[in-house]
Structure formats: C-alpha cells, structure tokens
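Here is the structure we will look at, set down as structure tokens.
Read-outs throughout are calculated quantities, based only on the coordinates presented, and are distinct from any laboratory measurement. Everything numeric in this text was worked out from a predicted model, so none of it was measured. Using ideal geometry, Cβ is built from the backbone for each residue, glycine included, and neighbour counts are taken over all protein chains shown.
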Amino acid sequence: MPQLKFILEGVQPPELKVKKLRAVTSSLKKQLGKISLTPKQEKALKVVLNTPDIALIIGPPGTSKTQVISAIQQRIAEEGNKVNASLQHQVLLTSYQHDAVDNVVSKSGVFGLPAIRVGGKVGDSKQQQVTSIDSWIKKVTNKLAPSIESEITNSKEYQLVEQVTSAIFQIKTSIKPNDIFEQLKMLQHLLQQLAFDFGIKVSHQQDKNIEGLLECFSVISSFSLSKPFKTQLLLAIRALRTQEVSFLDDGQQRLDKLITLLKEHEDTTLYATNLEALDCSKISYKQLENFKEELLEAIQDTYILPNQRWINETEAKRLNRLLEELELSMVSTPRLGQLYFRKKYLDSLLNEKNQVKNSLSEYSAVLGATCQQAAGAPMAGIKSVEHSSKIHFDSVIVDEAARANPLDFRAIALKKA
C-alpha cells in the first residue's frame, strides 16, 4: 500500500495514471462457473482492482460479499500471473474473529489451490488448518474420482498397466519362490499383450531380464501346478504298479487314473500321451518304472540356494526401471498420459495427505488468519521469515472490517510499508 502513508497523515496522495483493469474476464467467468456477478458486484470488483490503496465494500447480509471476495482473489492472482509475479503467500484473508475467517477461507482459493488457515482458537490452530485442507481434498477427490474410474473402466490398456504394477509389487515382496515364478509368468504375458495389442513396449533388455528371472525361479519344479492338484497327482504316481504281479492285480486301473489326471493340466499332457502309447499287451515294466521315477523327480520341488529364494536388490531395481520405461511409453500417448497423471494426482490426494498438506502450505497464494494472528509466530513460520516484523502481503482482504479494531489495520498495513 504505497500511498497509505499519505492517507494516514491527511495529505493528498500523488496520483499515478495506470491502465484500468477489467472487473470480469473470461478466466474469472470460467472459475465462477454457472454463477455470475450482479452489476453492483461487478462495480465493487472494478473499484477494488483499480484502487491503489484501500477499497471499502459495504453491503447488508445476504448480498454475497463472500462471493465478491472470492472474485477479488481470482483477479488479483490472474493479473499477477500476467507479469510472472510470485503469488506464493501474497494474499491475506482476515477478520476480527475466528468464525468469520473460517467461513471466508472455506470459500476461497486460486488456481485450484485452497486458502490455508493459519492460527486458530487456543489449542485448536493445527486442527483448523488440517480441517480446511481435508475439506479441499474431499471436494477435489469427489469431483475427480468418478470420471477417472469411468475412464479406467473403458481403457483396457490402462488396466493392463495397473496389473503389471501389481505383479511387480507381488514379485518384489513375495518370499515364496513358486509365487514369484507365477507372477513372473503373469508379468511376461501382460507385457506381451501390451506390446502386441496396444504398442506400449519396454526395451529388449527388460524382456531379457524377465527371461533371466524366469529361468532362475523355474528350477523350483518342472511343473507349475496348484498345491491340491500336485498332492493328488503325487499320490497317483506313487500308486502306479511297476511289477508284473502287482500290475496284474489293479495296475491297469491305476495307470488309467494317472493318465486321466495328467490330461487335466497342460504341463503334464505330454506324459499322458507317452503313457497311452505303451503297448498294454506287451507292457515293459522297466519302461513303466522309468516313467514313474521321471514323474516323481519332475513334480518334486528342487532345492534352491538361499539367495535364490526371493528377488534381490539389483533385480528389484531392474523391475523399477521396467516400470519407469512402461510409464514413459504410456505417457507418450496423449489420452493415456493425461489419464495416468490424473490418476497419480488422485492417488496422492488420497494416500499422501501429509505431503499434500505441506505442499499446499508451501505454494498456496492465499492465507487466512484473524487480524491479531496475521502477524503472529505461526504466520512467520508459514512465510519463512525470522520475525513477525518482516511479514508482508501484496494484498489484504478484511471481512467484516467494521467490527475490527482500527489498530489491527495499522499493524497489517505496516507489514508492507
């Protein structure tokens, strides 16, 4: 407020001829949405924007003064943005009492970021700041979530990428080799589907890394069978008769049962075919015994060295790089890229609230505090200054100014002097 000194001393302030600012712009209309300002509200806004020092807006309750305050913030930020001015923490919303500040803060904010409440009632200041941010997060997530979920539902390729992310998480966190092997096979299949169907690819080196991991963990067993089926098959193999006397008893029935079981899984159908090829009239019991030993060896879990039981640090880093490559390939597509970043933004709002709170406190243009607390220690902390005497704002908006102490105005005004 460069001319306030002259006003307080009763001296006619010097006049500067500057270009008049418009009250309503296309950007403001977009921010207001379906709401439009009345002619009197537009006039008040124009006066505020073109007054170098103090503008006073008078209106009885119900005349949407809070709406005008919101419009003032938007236009101040818009004009500052035109000249690349720093907008960080440069607008103060204040009033003489906490409830009035809370009310105006809840309806304020610019460029999609909310106003941040600083200070509060005794013992409740931190909670008031958190509440204002939580309300903003809830409002934004409720608006974004339905449209993002709808787009994901209709995007097969995005669903595949999410499945890849889930598979890699399972691979990195599992301590069961067989589970890792199954997830690696799933990962390989998903990557092939993304490449062939949608052109979303990773490098050849990443494909080789997956092949190497599959080879490492495939020594677990020659078959990839569920535990119940493996148990059932193991019993049938051990029950197979390989001696002439015992085979003549119920050997053929047991052989038929084993062949039927082997046909139920694609990994074991070849064994079923080979057993069926045996000549039952001139059966070779030695050959039958060899089949039995081969099946028992194939179905058993092979001993794995301790460092092969889970993904090590180097392998985990390679999987992380695979995800990075996949994300880069995906975001190069405009539609998928936009969906990816919007979903990431939504996830951050829902799952990283402390980081969101810190970021909002750091970058928000509008701060709210009572007249007394506008120059207090919490405000000095937010503004990152050593002492409250160094706190200043480019613009100060006072709600219910008639009820405040005039000395409070002087304290606020001097912050920029």
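Its alpha carbons give the chain an Rg and a Dmax of 35.9, 125 Å.
Contact order for the chain, expressed relative to its length and based on alpha carbon pairs under 8 Å spaced 6+ residues apart, stands at 28 percent. With R₀ fixed at 30 Å, the C-beta to C-beta distance from V385 to S359 puts the FRET efficiency at about 0.90. Relative to its Kirkwood radius, the Cα radius of gyration of segment 38-87 gives an Rg/Rh of 1.01. Based on the Stokes-Einstein relation at 20 °C and a viscosity of 1.002 mPa s, and on the Kirkwood radius from alpha carbon pairs, segment 147-207 is assigned a translational diffusion coefficient of 172 µm²/s. Note on segment 159-231: with charges restricted to the Cβ of Lys and Arg (+1) and Asp and Glu (-1), its dipole about the Cα centre is near 220 debye. The alpha-carbon atoms of segment 183-263 define a convex hull whose volume equals 123 cubic angstrom per residue. Computed over the Cα atoms of segment 227-299, what is the ratio Rg over Rh, Rh following Kirkwood? Using only Cα positions, Rg/Rh for segment 227-299 is 0.93. Going from the residue with the fewest nearby Cβ atoms within 10 Å to the one with the most, H204, H98 rank H204, H98. The Cα atoms of segment 308-396 define a convex hull whose projected area, averaged across directions, is 10.6 nm².
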